[in-house]
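I have placed the structure first, in the form of structure tokens, so that the comments after it can refer back to it.
The values are calculated or read from the model by the stated rules, or taken from the named source; none is laboratory data. Note that this is a predicted model, so its numbers are computed, not measured. Glycine also receives a Cβ, built like all others from the backbone with ideal geometry; neighbour counts cover every protein chain displayed. Ligands, DNA and RNA are stripped out before the accessible areas are found, and what is left, the full protein with its side chains, is counted by its heavy atoms. Shrake-Rupley method; radii C 1.70, N 1.55, O 1.52, S 1.80 Å.
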Amino acid sequence: DSLFTDLNGHSIQQHRYKNKLTVQGNFFPMPSTAFIQDSKTRLTLLGSEPHGAASLRSGWIEVVLDRRSNIDDLRGLGQGLNDNLPTPARLRLLVEQRIGARGQQEGEYVVEFPSLASYQAQQTLLHPLFMASKPLAGKSRKGKGRSQLMNPMPCEEELVNLRFVNEDTSLLITRKLGFTCQIPTSCTTNIYKGREELFRRSVEVEEHPMSPFHDQQRATQHPKPMQFSSYYVTFPGGEEK
């Protein structure tokens with residue numbers, strides 16, 4: 001059986017259990033996601049903090065929440081680990097049905113991707129929403145609501161950053177998610193024809209290359225899966241007040 005873990009929340013790596021290794025040699029870093037699967041079902045474990053994970057037996061996922069040791073492990077600390085403190089760990093389990101998937105052959109290496117549902121659940125753990133609001137003195141809460149700058153992001157894309165550049169321009173960075181098609185989803189993908197439709201007002205969007213070796217061009221095409229994209233967003237006449 002194989003264990004799949006994410007690499008810095010971006011790509012997925014496959015790990016196989018090796019009998020010749022010790023127990024600790026079969027544990028692997030789990031920055032945020034780990035899953036096991038067969039031809040019909042996938043079991044996904046999501047975490048808000050990095051952990052160590054292993055699949056020591058078929059159908060099992062074991063997670064190291066903390067560890068103690070009275071001696072140095074020769075990893076640079078120079079002392080044992082016996083001063084642990086209580087630390088909250090938020091974990092979430094997803095059981096998903098796979099459709100049209102074939103069974104994995106013994107010793108076969110496969111390339112897998114998370115599902116869109118696991119991406120959305122992961123975001124609630126890694127980036128919880130904090131809202132702070134205070135009614136203005138002498139202002140009624142009724143009437144015109146808050147003006148929102150952007151429309152909802154497509155479910156297959158992630159907003160990495162939107163930051164100020166100058167009075168009329170902001171920098172938009174997005175990531176196109178690579179997801180499996182073997183797990184059904186109720187989310188509709190590719191709902192916008194262009195980058196301009198992400199915003200609720202008229203804007204000009206120009207692709208900004210992350211590398212100086214790429215030419216700057218107008219953003220007209222959809223990014224590819226697992227691709228980071230950067231754009232200059234210009235608000236004609238200045239940003240809305």
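General observations
- Cβ-Cβ under 7 Å pairs, at least 6 apart or on other chains, the stretch 9-22 side in contact (Cβ under 8 Å) with a residue 24 or more places away in the chain, far side open to solvent by 80 Å² or more (accessible area, probe 1.4 Å): Gln14/Tyr109; Tyr17/Asp1
- Of the criteria (1) under 18 Å from the mean Cα position of the chain (by Cα); (2) open to solvent by 20 Å² or more (accessible area, probe 1.4 Å); (3) modelled with pLDDT of 90 or more, which one Gly47 fails: (2)
- Counting only strands (runs of 3 or more DSSP E) wholly contained in the stretch 11-81, the ones carrying 1 or more residues that are more than 27 Å from Gln182 (Cβ to Cβ) occupy 51-54, 62-64.
- Contact map, the stretch 170-195: residues that are under 11 Å from Glu156 (Cβ atoms) paired with residues that are among the aromatic types (Phe, Trp, Tyr) and outside any loop (DSSP other than H, G, I, E, B), Cβ distance under 9 Å, separation 6+ or inter-chain. Pairs shown: Thr174/Phe228; Thr174/Tyr231; Arg175/Phe228; Lys176/Phe228; Leu177/Tyr119; Phe179/Tyr119.
- Meets criteria (farther than 24 Å from Glu158 by Cβ and open to solvent by less than 60 Å² (accessible area, probe 1.4 Å)) for Ser115: no
Here's the yes/no breakdown for (1) within 26 Å of the chain's Cα centre (by Cα); (2) part of a loop (DSSP other than H, G, I, E, B); (3) modelled with pLDDT under 75; (4) surrounded by fewer than 16 Cβ atoms within 10 Å (Cβ to Cβ):
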{"residue": "Glu197", "(1), (2), (3), (4)": "yes, no, no, yes"}
{"residue": "Ser202", "(1), (2), (3), (4)": "no, yes, no, yes"}
{"residue": "Phe213", "(1), (2), (3), (4)": "no, yes, yes, yes"}
{"residue": "Gln221", "(1), (2), (3), (4)": "yes, yes, yes, yes"}
{"residue": "Lys224", "(1), (2), (3), (4)": "yes, yes, no, yes"}
{"residue": "Gly238", "(1), (2), (3), (4)": "no, yes, yes, yes"}
{"residue": "Lys241", "(1), (2), (3), (4)": "no, yes, yes, yes"}
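- For beta carbons closer than 6 Å, sequence separation of 6+ or different chains, a first residue in the stretch 76-91 that is open to solvent by 70 Å² or more (accessible area, probe 1.4 Å) and a second that is modelled with pLDDT under 85 and not small (Gly, Ala, Ser), the qualifying pairs are Gln79/Asp72; Asn82/Arg68.
- Scanning the stretch 155-167 for residues that are more than 12 Å from the chain's Cα centre (by Cα) and surrounded by fewer than 14 Cβ atoms within 10 Å (Cβ to Cβ), we see that the one that is farthest from His10 (Cα to Cα) is Glu167.
- Matching residues in the stretch 1-36 - criterion: being of a type in the set (A, V, I, L, M) and surrounded by fewer than 19 Cβ atoms within 10 Å (Cβ to Cβ): Leu7, Ile12, Leu21, Val23
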